[in-house]
Amino acid sequence: MANTRRKMVAGNWKMNGDTALLSLFKAQLKSPENVDVVICPPAVYLSESMGADFAVGSQNISQHESGAHTGDISVAMLNDLGVTYAIIGHSERRQDHGESNELIGEKVNLALNAGIKPIFCIGEPLEVREQGTVFAYVQAQIDAVLDACGEQFFDNSIIAYEPIWAIGTGKTASPEQAQEVHAFIREYLSEKNEAAQDLRILYGGSVNASNAAELFAQADIDGGLIGGASLKIDDFTVICQAAN
Ligand code: PGA
């Protein structure tokens, strides 16, 4: 089957950037014709990010709808601003904030119910890769989200496969290593719902201006979730072009 999935490149600024960097991106970053470009800045900059030639995503959402949850941000607030995407289940939130597969399932479901498109992150630590149990590991991450969301998962979700050993380390998965896991994810989901053929699966982990094109050329890699290289306008522009 020919791949008609539209490519996506999402920049995850993590806890980096400032108003000057945001102004630069708003002035200079253009979305190529065939690519959905998303910037996920720190929450304090979401409001100021709106109105540019890229879509905007949150780096996290609360699992609660409103109320006494100091420091949290609700999906209603994101909708209020016009934020269309939210990264959910990034490995740094799993590690720093103890987010479990079940909690992440709740959050993905809440985002979908609110019309926010989740960029749902999965990926294994180094010891799991060394043990050769990557497929079982990512399958468990996916199952928890499917349990929480049911069939609506297939309508508006994006998956980001990010092997933890490749994040911020300069050690990218080879295109073959990444493609192998992407193909597994698509096949596994396709057994549950044929719509998985249209679901976008992004690769993340040390994607840069030099390796993006080769990664994005793989049959089941539909773009990237970019950390470090999304803070440099020239590099990020090259990565967006590589997806076009
Ligand atoms: P990196 O981060 O590109 O800096 O490796 C990717 C991510 O964590 O989303």
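The values are calculated or read from the model by the stated rules, or taken from the named source; none is laboratory data. Keep in mind that what you see is a predicted model, and the values were worked out from it rather than measured. Every residue, glycine among them, receives a Cβ derived from its backbone with ideal geometry; neighbour counts consider all protein chains shown. These area figures cover heavy atoms from the full protein model, side chains too; ligands, DNA and RNA do not enter into them. Shrake-Rupley method; radii C 1.70, N 1.55, O 1.52, S 1.80 Å.
Figures for the structure shown
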item: Solvent-accessible surface (1.4 angstrom probe) belonging to LYS14, in square angstrom, nearest 10; result: 50 Å²
item: Sum of -39500 (n - 2.57) over DSSP H runs of 4+, divided by residues of the chain (222 nm, nearest 500); result: -11500 deg cm²/dmol
item: For the chain, accessible area per residue (1.4 Å probe, heavy atoms of protein chains only), Å²; result: 43 Å²
item: Most mobile listed residue (ALA217, ALA136, ALA43) in the chain, GNM with C-alpha springs under 10 Å; result: ALA136
item: Mean Cβ neighbour count within 10 Å, used as a protection proxy, ranking 222-231, 204-213 highest first; result: 222-231, 204-213
item: Long pairs among LYS30/LYS117; LYS14/LYS192; LYS30/LYS107, criterion Cα-Cα beyond 27 Å; result: LYS14/LYS192; LYS30/LYS107
item: Residue-by-residue Karplus 3J(HN,Hα) for the range 224-232, coefficients 6.51, -1.76, 1.60, Hz, glycine and proline x; result: x, 10, 10, x, x, 6, 7, 9, 10
item: When the chain is reduced to its Cα atoms, the Kirkwood hydrodynamic radius in Å; result: 17.8 Å
